[in-house]
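Notes to accompany the following structure.
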Amino acid sequence: MSNKAELLEAIAGKNRGLLANEIDNVRVLSAIQQLEDSNPTPKPLESKDLLNGDWRLLYTTSKSILGLDRFPLLKLGQIYQCIRVSEAKVYNIAEIVGLPMLEGLVSVAASFEPISESRVNVVFERSIIGLQRLLSYKTPGKLIQQIESGKKFLPLDFKIDRGEQKGWLDTTYLDHDMRIGRGNEGNVFVLTKET
């Protein structure tokens, strides 16, 4: 079994990390480390075509992301990280599902600046929170087009104080359909590219 297949098997059934216990996390992190050791793209920021696109989260250890699932009657739907290399922008989009007509959305837009061949500094700039139907949400790509066109969203669309929200993200593995990242808070992210 390949390292990639082992990682996919380790994260299967873990609901992006929501159902993972400590033993699961150790197994997943070990599989991630093995895959990172065979990274086919050691300079991911130079591989713009591979990096660019809409990535769906398969697994994370991020408590802030997984914490979106703690609200009564609501569940965490798909989570995306959409990278627009030419604009040096990244968009995190979390779908919240539950009661009909009350599906929600939490989105954060950020800019990034490369500081090495694999690491970018990230500055969070804008947050949008609301009901999917009120935001006319269809897909991550369409939402990003609306954001970039300057559209304002109700009920919550606000700028984030640039001094408060900074971080970095290392891309430690990248191929045609999988990306692994590690963040400044020690979190790991495993994502698959949407086609």
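If a residue has to be among the aromatic types (Phe, Trp, Tyr) and open to solvent by less than 60 Å² (accessible area, probe 1.4 Å) to count, how many in the stretch 143-159 make the cut?
Residues of the stretch 143-159 that are among the aromatic types (Phe, Trp, Tyr), as a first pass: 153, 158.
Then drop every residue that is not open to solvent by less than 60 Å² (accessible area, probe 1.4 Å), which leaves 153.
Qualifying residue count for the region: 1.
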Only one of (1) in a strand (DSSP E or B); (2) over 20 Å from residue 65 (Cα atoms); (3) of a type in the set (Phe, Trp, Tyr) is not met by residue 153, so which one is it? (1)
Take the residues in the stretch 28-47 that are hydroxyl-bearing (Ser, Thr, Tyr) and crowded, with 16+ Cβ neighbours inside 10 Å; name whichever of them is farthest from residue 180 (Cα to Cα). 47
Sole miss for residue 147 among (1) under 15 Å from the mean Cα position of the chain (by Cα); (2) farther than 30 Å from residue 3 by Cβ; (3) not in a strand (DSSP E or B) is condition (1)
Give me a count of the residues in the stretch 99-123 that are in a strand (DSSP E or B), of a type in the set (Gly, Ala, Ser) and either open to solvent by 20 Å² or more (accessible area, probe 1.4 Å) or on the phi > 0 side of the Ramachandran plot (or both). 1
Residues in the stretch 48-60 that are open to solvent by less than 30 Å² (accessible area, probe 1.4 Å) and either polar (S, T, N, Q) or not in a strand (DSSP E or B) (or both) total 2
Touching a Leu at 6+ places or on another chain (Cβ under 9 Å), aliphatic (A, V, I, L, M) and either over 15 Å from residue 124 (Cβ atoms) or modelled with pLDDT of 80 or more (or both) - does that describe any residue in the stretch 153-166? yes
Condition (residue is open to solvent by 30 Å² or more (accessible area, probe 1.4 Å), more than 24 Å from residue 170 (Cβ to Cβ) and not charged (D, E, K, R)) applied to the stretch 74-88: is it met by at least one residue? yes
Quick one: would you say residue 140 is in contact (Cβ under 8 Å) with a residue 24 or more places away in the chain, out of contact with any His (no Cβ under 9 Å at 6 or more places or on another chain), buried (at least 17 other Cβ atoms within 10 Å of the Cβ) and closer than 18 Å to residue 52 by Cα? yes
Could you please let me know if residue 96 is surrounded by 13 or more Cβ atoms within 10 Å (Cβ to Cβ), in a strand (DSSP E or B), at pLDDT below 90 and under 15 Å from the mean Cα position of the chain (by Cα)? yes
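The values are calculated or read from the model by the stated rules, or taken from the named source; none is laboratory data. These numbers were taken from a predicted model, which means no experiment stands behind them. No Cβ is skipped: glycine too gets one built from the backbone with ideal geometry, and neighbour counts run over all protein chains shown. All accessible areas refer to the heavy atoms of the entire protein, side chains included, with ligands and DNA or RNA removed. Shrake-Rupley method; radii C 1.70, N 1.55, O 1.52, S 1.80 Å.
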